[in-house]
Amino acid sequence: MALIILGIILWSVVHLIPAVTPGIKARWQGALGKNGYRASFSLLILAALLMMVMGWRHSLPIYLYTLSEQIHLATIGIMTFAVVLFVAAKLPSRLKRIIRHPQLTGVALWALAHLLANGDSRSVALFGGLLTWSVIEIIVINRREGQWQKPPAKGLYIEVLLLGISAAVFVGLIMAHPYLSGIKLG
C-alpha cells in the first residue's frame, strides 16, 4: 500500500510543479534544457506509474465497502464519458467549449467510476488519490490561467471522429483490462 501512496505523491508533485511552482520548472528546464526536462518529467511519471502498479499488485485488499451490483451499469456509463473526454482533450471538439479541462475531468470520472466499482483499500488509495490529484490540478490550473477563453467551434466531422476514436479506445480498454489490472470485466 505504501508503494501506491508514494507513486501517487510522486505523480502529483511532478504534475503540480508546472502549475504551482513555475520557478522550479524554469530551473529544471534551465539545468537540463527543454528536451532534458521533458525526458526527466516523463521518466518520473513512468516511475510513479510503475510504483502504483507494483503497489497495487503487491497489496492485499481489505474490503471497506460494497455497493449494489446495479452500480456496474453506472460505472460503465461514467467510464464511457471519461474515455470520450480523454480523447476530446486531443481534438478540437465542441466539448472543449463546455468542459475546460476534458483530460483531467476524464481522469476524475475514471477514478470515480473505479471507486464505485471497487470498495477495497488499495482501490480507495489508488483511485481516491488520483481523483484528489485531478481535482486539485484543475483548481490550480484555473487559478493560474484566470478567465477561460473558450475555443472556437469546429466542424461536425470532429465530433464524429471523436465518437469513433472513443469507441475504439473503450473497446480496447475493455479487452486489455484483464492484462492491465488482472481483473476481468463482466
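Assess whether Thr66 counts as being on the phi < 0 side of the Ramachandran plot and part of a loop (DSSP other than H, G, I, E, B).
Here the answer is yes, as Thr66 does meet what is asked.
State whether the residues of segment 167-182 include one that is part of a loop (DSSP other than H, G, I, E, B), within 20 Å of the chain's Cα centre (by Cα) and not polar (S, T, N, Q).
yes
Every residue in segment 6-19 that is closer than 18 Å to Gln103 by Cβ and of a type outside the set (S, T, N, Q), please.
Ile8, Trp11, Val14, His15, Leu16, Ile17, Pro18, Ala19
Here is a yes/no grid of residues against (1) assigned by TED's automatic domain parsing to the domain that holds Asp120; (2) of a type in the set (Asp, Glu); (3) assigned to a loop (DSSP other than H, G, I, E, B):
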position: Trp28; (1), (2), (3): no, no, no
position: Leu44; (1), (2), (3): no, no, no
position: Met79; (1), (2), (3): yes, no, no
position: Pro92; (1), (2), (3): yes, no, yes
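Could you list all residues from segment 144-182 that are of a type in the set (A, V, I, L, M, F, W, C) and in contact (Cβ under 8 Å) with a residue 24 or more places away in the chain?
Those that are of a type in the set (A, V, I, L, M, F, W, C) and in contact (Cβ under 8 Å) with a residue 24 or more places away in the chain: Trp148, Ala153, Ile158, Leu161, Leu162, Leu163, Ile165, Val169, Phe170, Leu173.
Is it the case that some residue within segment 38-49 is within 22 Å of Asp120 (Cα to Cα), out of contact with any strand residue (DSSP E or B) (no Cβ under 8 Å at 6 or more places or on another chain) and not β-branched (Val, Ile, Thr)?
yes
Working only within segment 157-166, note down all residues that are under 15 Å from Thr80 (Cα atoms) and either aliphatic (A, V, I, L, M) or not in a helix (DSSP H, G or I) (or both).
Leu162, Leu163, Ile165
The values are calculated or read from the model by the stated rules, or taken from the named source; none is laboratory data. None of the values given here were measured: they were computed from a predicted structure. Cβ coordinates were reconstructed from backbone atoms using ideal geometry, including for glycine residues, and neighbour counts include every protein chain displayed.
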